Amino acid sequence: MSYVLIVGAKSDIAMATARKYAENGYDLYLAARNSKTLDVCAQDIRLRHQVKVQCLELDIIDYSSHQKFYDALTEKPLGVISAVGYLGDQNKGQTDWHEANMILNSNYTGIVSLFNIIANDFSERRQGFIVGISSVAGDRGRKSNYLYGAAKAAFTTYMSGLRNRLYEHKVHVLTVKPGFVETQMTKGMDLPALLTVKPNIVASAIYNGQLKGKDIIYSKGLWQWIMLVIKAIPEWKFKKMSLG
Amino acid sequence: MSLGSWGNYTKPVCNEHEFLDEMALAKLNDQYNVLIPYGNGRSYGDSALAPDVAIVKSHNHFLDFDPDTGILHVQSGVILADIIDTVVPQGWFLKVTPGTKLITIGGAIASDVHGKNHHLEGAFSETIINMRLMLPSGEIVNCSKHENVDIYRATCGGMGLTGIILDAKLSLKKIPSSYIKQTTVKADNLKELFDAFEQYKSSSYSVAWVDCLANKENLGRGKVMIGEFTAGRGLSIIPKVKLSVPFMFPRFILNKYTVNTFNWLYSARVKEGTSQQIVDINSFFYPLDSINHWNKIYGRQGFIQYQFILPKKQSYEGMKDILKVIANSGKASFLAVLKLYGKENDNYLSFPMEGYSLALDFKMEDGLLELLNSLDEKVLKYEGRIYLAKDARVSKRVFESGYPKLEEFRAVRKKYNMDKKYHSYQSMRIGN
């Protein structure tokens with residue numbers, strides 16, 4: 001048993017994480033929508049690291065397909081990492097239910113549907129790790145992205161409950177809150193250099209955090225303190241602020 | 001961060017354009033008319049700088065590798081270090097490698113780079129089976145020694161002026177281990193250096209370090225390093241302790257006294273005569289790569305690397321003449337590297353010719369450009385040429401005199417409309 005399953009594999013953080021695990025000798029299942037576009041990256045990883053890489057088709061909001069997807073893995077993974085994320089358009093989502101629904105389902109319900117299935121298998125086998133990439137945006141709702149933030153908050157809470165449930169079954173559950181990362185998702189945004197990291201830094205943090213059995217990690221320690229401050233602002237004050 | 005080159009001497013304005021795939025590149029290629037591809041920024045001067053620059057570095061996937069035949073297919077943004085890390089543990093190595101592994105495959109082809117084995121194996125283009133190139137029209141062509149030969153001859157050594165190299169298939173060299181048996185020969189003057197090169201010309205690798213401040217009877221003092229891969233020591237790569245130059249050094253640190261001291265210490269490490277050592281791939285081929293940003297020791301004004309080659313029959317007289325000028329100028333070259341080259345290839349702008357080349361680093365200071373201009377005249381007198389990958393200042397006249405196949409290069413540029421699309425600040429200066 002040597003595979004790690006990476007869900008939402010097309011994202012920059014997922015790809016960096018895949019490379020980190022391959023570098024350390026793990027085989028990979030890379031799951032995403034239109035997985036054909038992953039072929040070049042998969043071949044690159046195979047050649048650089050001499051590991052097995054399989055690209056798998058997975059639509060995170062096609063809930064009914066998830067059981068079949070997981071059953072089809074002849075060799076069950078050592079662990080799963082979700083890098084599924086859809087920032088969406090907050091303004092559009094305020095008037096267009098389809099967009100709001102897409103943000104909520106991609107960032108929350110879809111992953112819950114898949115993780116439920118995997119958690120049951122891991123818990124029965126009393127092994128495995130489950131890593132979920134959430135976001136600091138879930139720590140407090142802001143007008144600029146609260147649909148995304150709310151879905152991430154729900155996901156963080158789900159991960160916390162899952163950790164609590166699976167602790168006695170020896171399954172490790174890790175929540176990752178990356179903060180600002182230089183990716184396609186944030187391209188064009190004006191991010192503060194001091195607080196922004198490259199995807200490979202997040203990947204290393206995930207790999208090390210998983211190895212050490214951490215519960216919650218931020219990719220840059222500073223974020224933990226920033227969010228502590230942001231969470232401590234009283235609501236009567238926070239509602240008047242504009243935090244971008 | 002603004003785009004620069006390794007010498008930090010020229011810093012013109014460049015707009016960077018990244019691309020995700022070939023379709024995006026085609027669009028970019030169509031949009032700009034003074035465009036040049038940019039790899040890992042290790043060429044020394046302005047050859048990869050232009051008003052609009054296509055950033056190729058993230059076009060860096062391995063496409064195929066056959067560990068039985070040693071044939072490797074990679075995209076042009078892959079850097080040599082990644083290839084080495086992947087293939088050396090499987091018993092393979094680059095047939096031709098320059099003195100840094102921090103360059104892209106695209107850059108290696110565009111400069112038709114060479115290494116310590118040029119006298120036997122030729123330049124980098126000798127290792128290329130074929131490559132794909134995007135032309136000004138957006139059309140993608142295959143080229144090799146057998147297909148679209150004119151484009152191939154213009155692209156190898158063509159400094160990015162023929163199109164955007166997309167990927168290349170190269171053949172690698174089988175190695176018995178990742179260690180090299182190095183023989184070091186100490187030479188008290190230029191004559192002894194040349195004799196050592198001739199004596200060891202059937203050895204795989206050879207290069208010499210020259211003390212440019214030595215004068216009179218010691219003119220051309222230095223040491224020659226000869227290398228052969230050796231068997232029975234395994235294929236591991238030793239990760240180097242990474243040192244880093246954290247900031248631009250102030251100008252006064254490098255002067256003829258400190259360089260002289262360095263040279264004295266360096267040569268004192270070698271015992272008299274001939275000695276032997278076993279060294280790993282990184283120490284033998286890439287000694288400077290273990291120091292991040294070593295270019296910063298030259299400070300904010302930067303430095304110029306000056307590399308020229310002279311035909312063999314004129315090499316000894318010419319080198320002696322040129323070393324005298326440098327020694328008398330008192331301008332300290334921290335590194336001076338002498339090398340014997342083998343036969344010239346058929347590419348239109350490849351630098352190597354059969355003869356000897358000398359590479360010198362000078363920190364930018366008053367009087368340097370004048371000194372280099374006078375060296376140019378000497379190079380022309382001895383029928384030599386200047387290496388474009390290192391150059392930041394050569395004149396059109398001096399460049400043109402050194403490259404007899406230049407008209408063929410320009411004809412290909414014209415034929416495929418490359419001259420209306422691809423330019424660097426260097427190409428505009430030298431009229432390409």
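Quick look at the numbers
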quantity: Part-to-part distance (alpha-carbon centres) for segment A:6-57 and segment B:373-430, which is given in Å; calculated: 44 Å
quantity: Cross-link reach list, lysines versus A:Lys36, counting only Cα pairs under 17 Å and skipping chain neighbours closer than eight places; calculated: A:Lys10, A:Lys52
quantity: Accessible area (Å², per residue) of segment B:310-409, counting only protein heavy atoms and a probe of 1.4 Å; calculated: 36 Å²
quantity: Summed side-chain charge close to B:Ser177 - residues other than B:Ser177 whose Cβ falls under 12 Å, Lys, Arg +1, Asp, Glu -1; calculated: +1
quantity: Heavy-atom accessible area ranking, 1.4 Å probe, most first, across B:His118, B:His293; calculated: B:His293, B:His118
quantity: Label point distance in nm, A:Val40-B:Val279, each placed 7 Å from Cα along Cα→Cβ; calculated: 3.8 nm
quantity: Neighbourhood net charge (15 Å Cβ-Cβ; Lys/Arg +1, Asp/Glu -1) for B:Tyr152; calculated: 0
quantity: Relative contact order (%) - criterion: Cα under 8 Å, at least six apart; region: chain B; calculated: 19 percent
quantity: Shape call, segment B:99-257: gyration tensor on alpha carbons, a/c limit 1.5; calculated: prolate
quantity: Links that overshoot a 21 Å alpha carbon limit, given the list A:Lys177/A:Lys240; B:Lys201/B:Lys313; B:Lys223/B:Lys363; B:Lys339/B:Lys396; calculated: A:Lys177/A:Lys240; B:Lys223/B:Lys363; B:Lys339/B:Lys396
quantity: Inter-label distance, nm, simple model (7 Å from Cα along the C-beta direction), B:Thr69/B:Ile129; calculated: 0.4 nm
quantity: Relative packing of B:79-86, A:9-16, which averages over residues the other C-beta atoms within 10 Å, highest first; calculated: A:9-16, B:79-86
quantity: Shielding by partners, peptide A:43-50 (average Cβ within 10 angstrom, other chains); calculated: 6
quantity: Accessible area of segment B:55-159 divided out per residue, in Å², using a probe of 1.4 angstrom; calculated: 30 Å²
quantity: Long-range lysine pairs (8 or more apart or interchain), segment B:1-134, Cα under 29 Å; calculated: 9
quantity: MRE, 222 nm, helices only [DSSP H, n ≥ 4, -39500 (n - 2.57), over chain B, to nearest 500]; calculated: -7500 deg cm²/dmol
quantity: Segment B:392-432: GluC sites (Glu not before Pro) in DSSP coil with no more than 14 other Cβ atoms inside 10 Å; calculated: none
quantity: Helix-only mean residue ellipticity at 222 nm for chain A, each DSSP H run of n ≥ 4 adding -39500 (n - 2.57), per residue, nearest 500; calculated: -13500 deg cm²/dmol
quantity: For B:Asn292, distant residues with modelled amide H under 5 Å away; calculated: B:Leu243, B:Ser244, B:Val245
quantity: Accessible surface, per residue, of chain A when the full set of protein chains is kept, probe 1.4 Å, Å²; calculated: 48 Å²
quantity: Solvent-accessible area buried by pairing A with B, both sides, nearest 100 square angstrom, 1.4 angstrom probe; calculated: 900 Å²
quantity: Fraction of accessible area attributable to carbon and sulfur, the protein assembly as shown (%, probe 1.4 Å); calculated: 54 percent
quantity: Using a Förster distance of 60 Å, the FRET efficiency for A:Tyr167-B:Ser171 (Cβ separation, nearest 0.05); calculated: 0.65
quantity: Rounded if a/c under 1.5, otherwise prolate or oblate - segment B:6-113, Cα gyration tensor axes; calculated: oblate
quantity: Whether segment A:129-244 is rounded, prolate or oblate, judged on the alpha carbon gyration tensor where a/c under 1.5 counts as rounded; calculated: oblate
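The values are calculated or read from the model by the stated rules, or taken from the named source; none is laboratory data. Nothing here was measured: the structure is a model prediction, and the numbers come from that model. Ideal geometry is used to build each Cβ from the backbone, glycine not excepted, and the neighbour counts take in all protein chains shown. Ligands, DNA and RNA are stripped out before the accessible areas are found, and what is left, the full protein with its side chains, is counted by its heavy atoms. Shrake-Rupley method; radii C 1.70, N 1.55, O 1.52, S 1.80 Å.
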